[in-house]
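Student: Let me begin by handing over the structure; questions about it come next.
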Amino acid sequence: MITHKGTQTIHTERLILRKFTVEDAQAMFENWANDERVTRFLTWCPHESPEATKQLLELWCAAYENPNTYNWVIEHEGTPIGNICVVRLSERCEYAELGYCMGYAYWNKGFMPEAAKAVIDYLFAEIGVNRVGISHAVKNPASGRVAQKCGLTFEGTKREYFKASTGEFLDISDYGIIRSEWEPIRQEK
């Protein structure tokens, strides 16, 4: 059974996952939201100005009043470097799907698997989900490696399932982990 607790601060070895503030707009814009390398496989286009990012963060910050909102800024050494959130949530099925993006300068440093593992642990241990999923564009295999590093199992590919902000139809691979698979991993820690 799901017990909503909202976006709580999570500390990992190198990162702080916390709620966004409107003051994060400039760093978010500069570090990832304006970069087409980051947004290429996402639902949104690169932001054209810090003001556009600020307007989005005003909406996101207001959403924190709802306890079923799970949306973290990923902070490293005091700098916002990316975002991880629950993009789909089913209370009936006790299921959460994660979405994430990170500034190009921070790719290939193990930050996203570190953040995703922490969020997955939070969703199982604190919120009570039975399943966590991650979907990614086949053309973005690095996102799939994040899922694999977090212990998720490849479950299949949906052909031309997603239309990217570029207009391109993309094949999407699905990964998942269920509580009975997560519990032994947690006990190893």
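Just so it is clear, none of the values below were taken in a lab; they were calculated from the coordinates. These figures come from a predicted structure and were not determined experimentally. Here the Cβ positions follow ideal geometry from the backbone for every residue, glycine too, while neighbour counts run over all protein chains shown.
Student: So, with +1 on the Cβ of K and R and -1 on the Cβ of D and E, and no other charges, what is the size of the charge dipole of the range 33-93 about its Cα centre, to the nearest 20 debye? Mind dumping the intermediate values first?
Tutor: On the way: 5 positive and 9 negative charges, 64 e Å.
Magnitude of the dipole: close to 300 debye.
Student: Here is a follow-up. Based on DSSP, what percent of beta bridges with both residues in the chain are antiparallel, to the nearest 5?
Tutor: If I count the DSSP bridges inside the chain, around 90 percent turn out antiparallel.
Student: So between Gln148 and Lys109, what do we pick up on full extension, going 0.36 nm a residue minus the alpha carbon distance?
Tutor: Net length gain for the segment: 12.5 nm.
Student: Give the label of the value calculated from the structure for Rg/Rh (Cα atoms, Kirkwood Rh), choosing from (i) 1.14; (ii) 1.01; (iii) 0.94.
Tutor: Checking each listed value against the structure points to (iii).
Student: Something else about it: Quick check on the chain: helices-only [θ] at 222 nm, where DSSP H runs of length 4 and up contribute -39,500 (n - 2.57) each and the sum goes over total residues. Nearest 500, please.
Tutor: -8000 deg cm²/dmol
Student: Projecting each Cα onto the charge dipole of the chain (Lys/Arg +1, Asp/Glu -1 at the beta carbon, about the Cα centre), which of Gly82, Ala118, Thr166 comes out farthest on the positive side?
Tutor: With unit charges placed on the Cβ atoms, the residue in question is Ala118.
Student: Also, quick follow-up: Under unit Cβ charges (Lys, Arg +1; Asp, Glu -1), what dipole magnitude, rounded to 20 debye, does the range 10-188 have relative to its Cα centre?
Tutor: Numbers: 19 positive and 26 negative charges, 94 e Å.
With only Lys, Arg, Asp and Glu charged at Cβ, the dipole is about 460 debye.
Student: If you don't mind, another one. Determine how many Å³ per residue the convex hull of the Cα atoms of the range 83-132 encloses.
Tutor: Taking only Cα atoms, the range 83-132 has a hull volume of 59 Å³ per residue.
Student: Give the peptides 59-66, 139-146 in descending order of average Cβ contacts within 10 Å, highest first. Provide the component values of the computation, followed by the final result.
Tutor: Values: 59-66: 13.0, 139-146: 16.6.
Peptide ranking by packing, descending: 139-146, 59-66.
Student: Here's something else I'd like to know. By the scheme Lys and Arg +1, Asp and Glu -1, what is the net charge of all other residues having a beta-carbon under 13 Å from that of Val86?
Tutor: -1
Student: Could you please state, rounded to a whole Å, how far the C-alpha centre of the range 13-30 is from the C-alpha centre of the range 52-93?
Tutor: Cα centroid of the range 13-30 versus Cα centroid of the range 52-93: 10 Å apart.
Student: Quick check: from the Cα gyration tensor, does the range 92-180 come out rounded (a/c under 1.5), prolate or oblate?
Tutor: Values: a/c = 2.02, a/b = 1.27, b/c = 1.59.
Oblate shape, in that a/c is at least 1.5 and b/c is the bigger or equal ratio.
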